[in-house]
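Before we start, here is the structure in question, set down as structure tokens.
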């Protein structure tokens, strides 16, 4: 068994090395007939400059060299267009914005042309590479996971804190990663916004205000160094994994021109499904589904004695593969809008963006249905289902982010910070993001209906861009997944997701859901708190016999599973919705007035 | 008023917390074990890599100063009850107005040859854990002597690190001095299934010295077998940790003798938790009960008494729980190892040999007196209420599902239990309620009998 598993790990790492290394295999060659730019004014100048700079028929060895060469062309073209415009050479009747080529255009032209210029062994034999990467990784993963189905059923958490991948970081390392990432995102954000400093500055100020609120507002002792975030030892393997994930997300979100090797590899699959070549989003969706399925199998093996976990894991595997991946691709094949029927605003933050509204309203009956369905999910689905089952119906049964967290992220769930201080950060940040999402969406809708994108001193297009960059990409992706091995598997869900905040408000104030504690059985061992991915100090409640009603609880049920004394049960009950968690169930000094103290 | 508490385990800490809730007295907790309160029930999880020491602390470190509970990391060498002060190992004295002794237990040693060698230890304190860790590197085999809960915990700990373990157990079946035979056998089967070398009906003859004061093996009395090992865990029970008070006026038998208000024979001196011995225990309860929740209840009770709300210690109906490797165990009420005359047992066992439900009842009155559950979780409040009410088993069985506390989607076995009762008693009871929180609430709230 052990040998099989070791072979599995070996195969997985081989696949990972090939996957990483293949990024260097593509050559890049610009062809005259491949310059595809709709704007004729731009196109003319660019084609002329391309000849001037002799970029045709030169083979560039890397995406960086190709990008740099093409950007020279674009910069020079931009300059010429500027000069032409100044000198009045621009043709009559063409608007300034159509003629001059802003920085945003440069980024778009550059990315699409570098991607189109890619050529090499991967384009020639994509399936071979697919088998060597995806195929080998899946095989390795399965060899590692399948043996886990044998042996004795039960909780398998041995040596998690002995392992360099899962033992977590010291407080200082964590602080380093967090501040470096925050700083990096803000700096990159400045260039992302075309050197418009307004939004990066607002974000930096908001960050400092939240830190001040948490650290200095209540000048009390609760703000001493956080408890669970400071293990004595640091997981170096976890750090490497975290850095790898972070770089992967940076490339995926912001530099698709450098990962053509990956998109070329999966293009035939995309062709087969939707009839189109693969974008980075197709690559991501495919990887995501494969990971959720393979690591979902691991979860099923680990908790095969627990039917709640079996159903829940199967559910996230199904919703990711069918709803988030296959159905949208098939819709595209049928000339319908790409739509994930289980994605809900405000997590689905671009649902009310003009291009999405236009696409849906112009796509016939199905488009209108999608529009109505999305609005109904937000307005009625969320409160209704959350009233009946708690936010778990979404977060740990349906959601894609939750699905990844519960499968690939399961080995890191213990790394969530359980300190009171972390809880304070959580409340400020997640509700701040919800507020941001609401304001951003209202502005975007105002612009959609009024046709006016300037609101007071703010530009709704910029707000939208900044939200997409900061929350949609940096927080949800780079931090959300990159930080799995650093700060646990639910960093995004706990601190950032606006939908989780919305679901959480319903769960806290109007839901039948709670985690019941079993009388006086708790022995304060702390397994529940340790394995709570949302960083809830479950033990705090369990040891005083108080039922747990917390807006952040995603109802994964692991606290109940790891409890050695049968203390915790996820339950729904309607008779006490407004007084859940009021009673202390510990069976102890039984004097009426004393029982309810606290 | 200054209240000194010796011991920062669950009893002492609960007392301190409740005194703070009820008063503004100055509180000092003295312990030489660890600086902060941790849950000793989780020691095994630290060793097994499930948790870190930090994770076993039920309260964050700021909790103590915020609640004005002074922590003193020192060892109490002795107590001068006349002048009311403690002598600490750092040479200083600490005066008190009232003293709560909550020093817990120590592992039993029965005078075995070699019991004080290096590499021989119990598992009770944080130091015991450190000691275990110290000897684990390169350990070829460990031996655990004693067939109780801690013995199996220790075996599980070594087993989790792939260190072979032998368990030397005096009884015919694991823990059958407490458990009915069927359950004891089930656990024994499970221990063997895990590959632990379980040696029943075996006693320790001696622990062998390697010539350098360290353990090199043990000899089993019955067979004369020698087992080579680098570590011996002594887990043949615990007893009150009170030897440092032996030569004083304090009335000590096995533990510090206390009345129902947890008062010792000396004015202003109280004893709670494992180290206390009740002179007049409640019916069905033993004088010394070294379990987590009794320590917690005693702490809460003594706090009330000290804060001028004199309160009797009432532990209520016996309950407990444990986990034997992968099999969870819960007990509510009275489950003797052997059925006395006049008591019947309804015992249902799952075919997988890992789950069972036992309900004991009075043969003539049919009053339910206890539940013993393996691999199935039952709801404490429901069982407690049935037992307190003295419910007739045939009144209880139709609503048995109310007690089920297993996670959602789990198979429920109450139907099979009822069918078994029908089969054995020629009745035709049917299960008429499903498990559900609303039903539980209406049962708990609406049917209170005095």
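Would you say residue B:352 is free of Cβ contacts under 8 Å to residues at least 24 places away in the same chain and at negative phi? Can you show your working first?
On the way: free of Cβ contacts under 8 Å to residues at least 24 places away in the same chain: yes; at negative phi: yes.
Considered against the rule, which asks whether it is free of Cβ contacts under 8 Å to residues at least 24 places away in the same chain and at negative phi, residue B:352 comes out as yes.
Which pairs have Cβ atoms under 6 Å, sit 6 or more apart or on different chains, and link a residue in region A:94-119 that is free of Cβ contacts under 8 Å to residues at least 60 places away in the same chain to one that is in a helix (DSSP H, G or I) and surrounded by fewer than 18 Cβ atoms within 10 Å (Cβ to Cβ)?
Once the first residue is free of Cβ contacts under 8 Å to residues at least 60 places away in the same chain and sits in region A:94-119, its partners that are in a helix (DSSP H, G or I) and surrounded by fewer than 18 Cβ atoms within 10 Å (Cβ to Cβ) give A:99/A:85; A:100/A:85.
Moving on to the next point. Could you please find all residues in region B:102-123 being within 22 Å of residue B:243 (Cβ to Cβ) and touching a helix residue (DSSP H, G or I) at 6+ places or on another chain (Cβ under 7 Å)?
B:102, B:103, B:104, B:105, B:121, B:122, B:123
Kindly indicate which of A:369, A:436, A:385 is assigned to a helix (DSSP H, G or I) and under 16 Å from residue A:319 (Cβ atoms). Full working, then the answer.
Working: A:369 fails: under 16 Å from residue A:319 (Cβ atoms); A:436 fails: under 16 Å from residue A:319 (Cβ atoms).
Answer to the check: A:385.
Give the residues of region A:310-366 that are assigned to a loop (DSSP other than H, G, I, E, B) and on the phi > 0 side of the Ramachandran plot, sorted by residue number. So that I can check it myself, show each step before the final result.
As a first pass, look at region A:310-366 and keep what is assigned to a loop (DSSP other than H, G, I, E, B): A:334-353, A:362-363.
Selection gives A:335 alone.
Could you tell me which residue of region A:541-561 is farthest from residue A:524 (Cα to Cα), considering only residues that are facing another protein chain (nearest Cβ under 8 Å) and modelled with pLDDT of 95 or more? Break it down stepwise before answering.
First, pick out the residues of region A:541-561 that are facing another protein chain (nearest Cβ under 8 Å): A:543, A:557, A:560-561.
From the residues that got through so far, the ones that are modelled with pLDDT of 95 or more too are A:557, A:560-561.
Values: A:557: 18, A:560: 14, A:561: 15 Å.
Looking at residues that are facing another protein chain (nearest Cβ under 8 Å) and modelled with pLDDT of 95 or more, I get A:557.
May I pose another question? Could you pull out the residue among B:18, B:62 that is in contact (Cβ under 8 Å) with a residue 60 or more places away in the chain, facing chain A (nearest Cβ under 9 Å) and within 26 Å of residue A:527 (Cα to Cα)?
Working: B:62 fails: in contact (Cβ under 8 Å) with a residue 60 or more places away in the chain.
After applying the criteria, what remains is B:18.
Can you say whether residue A:509 is without any contact (Cβ under 8 Å) to a residue 24 or more places away in the chain and either out of contact with any strand residue (DSSP E or B) (no Cβ under 8 Å at 6 or more places or on another chain) or surrounded by fewer than 24 Cβ atoms within 10 Å (Cβ to Cβ) (or both), as far as the supplied structure shows? Steps first, answer last, please.
Values: without any contact (Cβ under 8 Å) to a residue 24 or more places away in the chain: yes; either out of contact with any strand residue (DSSP E or B) (no Cβ under 8 Å at 6 or more places or on another chain) or surrounded by fewer than 24 Cβ atoms within 10 Å (Cβ to Cβ) (or both): yes.
Here the answer is yes, as residue A:509 does meet what is asked.
Listed here are the residues, each with its yes/no results for (1) within 14 Å of chain A (Cβ to nearest Cβ); (2) in contact (Cβ under 8 Å) with a residue 24 or more places away in the chain.
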{"residue": "B:55", "(1), (2)": "yes, no"}
{"residue": "B:75", "(1), (2)": "no, yes"}
{"residue": "B:85", "(1), (2)": "no, no"}
{"residue": "B:88", "(1), (2)": "no, yes"}
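Another question about this same structure. What number of residues within region A:77-99 are surrounded by 13 or more Cβ atoms within 10 Å (Cβ to Cβ) and either over 39 Å from the mean Cα position of the chain (by Cα) or more than 17 Å from residue A:46 (Cα to Cα) (or both)?
Result for region A:77-99: 7.
A further question on this structure: Output the residues belonging to region B:109-141 that are under 25 Å from the mean Cα position of the chain (by Cα) and in a helix (DSSP H, G or I).
B:126, B:127, B:128, B:129, B:130, B:131, B:132, B:133
Report the residue count in region A:565-577 for those that are touching a residue at least 60 places away in the same chain (Cβ under 8 Å) and either more than 8 Å from chain B (Cβ to nearest Cβ) or in a loop (DSSP other than H, G, I, E, B) (or both).
So the first thing to find is which residues in region A:565-577 are touching a residue at least 60 places away in the same chain (Cβ under 8 Å), and the list is A:570, A:572-574, A:577.
Among the residues that remain, those that are also either more than 8 Å from chain B (Cβ to nearest Cβ) or in a loop (DSSP other than H, G, I, E, B) (or both) are: A:573-574, A:577.
Final tally of qualifying residues: 3.
For residue B:166, indicate whether it is within 25 Å of residue B:239 (Cα to Cα) and in contact with a strand residue (DSSP E or B) (Cβ under 7 Å, 6 or more places away or on another chain). Working first, answer last.
Working: within 25 Å of residue B:239 (Cα to Cα): yes; in contact with a strand residue (DSSP E or B) (Cβ under 7 Å, 6 or more places away or on another chain): yes.
Against the criterion (within 25 Å of residue B:239 (Cα to Cα) and in contact with a strand residue (DSSP E or B) (Cβ under 7 Å, 6 or more places away or on another chain)), residue B:166 qualifies.
Quick check on my filter: what residues within region B:414-450 are assigned to a loop (DSSP other than H, G, I, E, B) and within 14 Å of another protein chain (Cβ to nearest Cβ)? Even if it seems obvious, please write down each step before you answer.
We begin by selecting, within region B:414-450, every residue assigned to a loop (DSSP other than H, G, I, E, B); these are B:426-436, B:447-450.
B:434, B:435, B:436, B:448, B:450, listed by residue number.
I need the full set of residues from region B:348-359 which are surrounded by fewer than 24 Cβ atoms within 10 Å (Cβ to Cβ) and not in a loop (DSSP other than H, G, I, E, B), in order please.
B:348, B:349, B:356, B:358
Given the residues B:384, B:411, which is the only one that is surrounded by fewer than 22 Cβ atoms within 10 Å (Cβ to Cβ), under 26 Å from the mean Cα position of the chain (by Cα) and within 10 Å of another protein chain (Cβ to nearest Cβ)?
On the way: B:411 fails: under 26 Å from the mean Cα position of the chain (by Cα).
That would be B:384, the only listed residue that is surrounded by fewer than 22 Cβ atoms within 10 Å (Cβ to Cβ), under 26 Å from the mean Cα position of the chain (by Cα) and within 10 Å of another protein chain (Cβ to nearest Cβ).
Out of the residues in region B:414-435 that are out of contact with any helix residue (DSSP H, G or I) (no Cβ under 7 Å at 6 or more places or on another chain) and at negative phi, which is surrounded by the fewest Cβ atoms within 10 Å (Cβ to Cβ)? Lay out the reasoning, then the answer.
Of the residues in region B:414-435, the ones out of contact with any helix residue (DSSP H, G or I) (no Cβ under 7 Å at 6 or more places or on another chain) are B:415-416, B:419-420, B:422-426.
Next, only the ones that are at negative phi stay: B:415-416, B:419-420, B:422-425.
Working: B:415: 13, B:416: 15, B:419: 15, B:420: 17, B:422: 15, B:423: 9, B:424: 11, B:425: 14.
Selected residue: B:423.
Scanning for something buried (at least 22 other Cβ atoms within 10 Å of the Cβ), within 14 Å of chain B (Cβ to nearest Cβ) and over 23 Å from residue A:477 (Cα atoms), does region A:314-325 turn up at least one residue?
No, because not a single residue in region A:314-325 is buried (at least 22 other Cβ atoms within 10 Å of the Cβ), within 14 Å of chain B (Cβ to nearest Cβ) and over 23 Å from residue A:477 (Cα atoms).
Right, next: Any chance you could count how many residues in region B:156-195 are in a loop (DSSP other than H, G, I, E, B) and away from chain A (no Cβ under 14 Å)? Working first, answer last.
Step one: list which residues in region B:156-195 are in a loop (DSSP other than H, G, I, E, B), which gives B:161-164, B:169-180, B:194-195.
With the extra rule that they be away from chain A (no Cβ under 14 Å), the set shrinks to B:164, B:169-180.
So the count comes out to 13.
Also, quick follow-up: I'd like the full set of residues that are within 14 Å of another protein chain (Cβ to nearest Cβ), in contact with a strand residue (DSSP E or B) (Cβ under 7 Å, 6 or more places away or on another chain) and assigned to a helix (DSSP H, G or I), limited to region B:387-408.
First, the residues of region B:387-408 that are within 14 Å of another protein chain (Cβ to nearest Cβ): B:387-388, B:401-408.
Then keep just the ones that are in contact with a strand residue (DSSP E or B) (Cβ under 7 Å, 6 or more places away or on another chain); that gives B:387, B:403-405, B:407-408.
Selection gives B:387, B:403.
May I ask you to list the residues in region A:488-540 that are more than 16 Å from residue A:582 (Cα to Cα), within 8 Å of chain B (Cβ to nearest Cβ) and assigned to a helix (DSSP H, G or I)?
Result: A:527, A:529, A:530, A:539.
Filter region A:232-282 down to the residues that are within 14 Å of another protein chain (Cβ to nearest Cβ) and buried (at least 19 other Cβ atoms within 10 Å of the Cβ) and list them by number. Even if it seems obvious, please write down each step before you answer.
So in region A:232-282, the residues within 14 Å of another protein chain (Cβ to nearest Cβ) come out as A:232-235.
Matches in region A:232-282: A:235 only.
For residue A:307, are the conditions met, namely being within 14 Å of chain B (Cβ to nearest Cβ) and surrounded by 19 or more Cβ atoms within 10 Å (Cβ to Cβ)?
Details: within 14 Å of chain B (Cβ to nearest Cβ): yes; surrounded by 19 or more Cβ atoms within 10 Å (Cβ to Cβ): no.
Spelling it out, it is not the case that residue A:307 is within 14 Å of chain B (Cβ to nearest Cβ) and surrounded by 19 or more Cβ atoms within 10 Å (Cβ to Cβ).
Next question, about the same structure. In region A:156-166, what count of residues is obtained for those that are in a loop (DSSP other than H, G, I, E, B), under 28 Å from the mean Cα position of the chain (by Cα), within 8 Å of chain B (Cβ to nearest Cβ) and buried (at least 16 other Cβ atoms within 10 Å of the Cβ)?
The total comes to 1.
Follow-up question, since we're still on this one. Can you go through A:134, A:144, A:129 and tell me which one is in a helix (DSSP H, G or I), more than 14 Å from every other protein chain (Cβ to nearest Cβ), more than 19 Å from residue A:407 (Cα to Cα) and modelled with pLDDT of 95 or more? First the steps, then the outcome.
Details: A:134 fails: more than 19 Å from residue A:407 (Cα to Cα); A:144 fails: more than 19 Å from residue A:407 (Cα to Cα).
Answer to the selection: A:129.
Further question: Just one of the numbered conditions (1) free of Cβ contacts under 8 Å to residues at least 24 places away in the same chain; (2) away from chain A (no Cβ under 14 Å) is not true of residue B:28; which one?
(1)
Considering only region B:1-108, give the helices (runs of 4 or more DSSP H) lying wholly within it that have at least 3 residues that are surrounded by fewer than 22 Cβ atoms within 10 Å (Cβ to Cβ). Quick ask: steps written out before the conclusion?
Values: elements: B:10-22, B:43-47, B:62-66.
Helices (runs of 4 or more DSSP H) meeting the threshold: B:10-22, B:62-66.
For region B:315-335: of the residues being part of a strand (DSSP E or B) and at the interface with chain A (Cβ under 8 Å from one of its Cβ atoms), which is farthest from residue B:191 (Cα to Cα)?
Going through region B:315-335, the residues part of a strand (DSSP E or B) turn out to be B:319-324, B:327-333.
From what's left, at the interface with chain A (Cβ under 8 Å from one of its Cβ atoms): B:319, B:321-323, B:328, B:330.
On the way: B:319: 24, B:321: 18, B:322: 15, B:323: 12, B:328: 13, B:330: 18 Å.
Residue satisfying both the conditions and the ranking: B:319.
The values are calculated or read from the model by the stated rules, or taken from the named source; none is laboratory data. From a predicted model like this one, the values you see are computed outputs, not experimental measurements. Glycine gets a Cβ as well: all are built from the backbone with ideal geometry, and neighbour counts include every protein chain shown.
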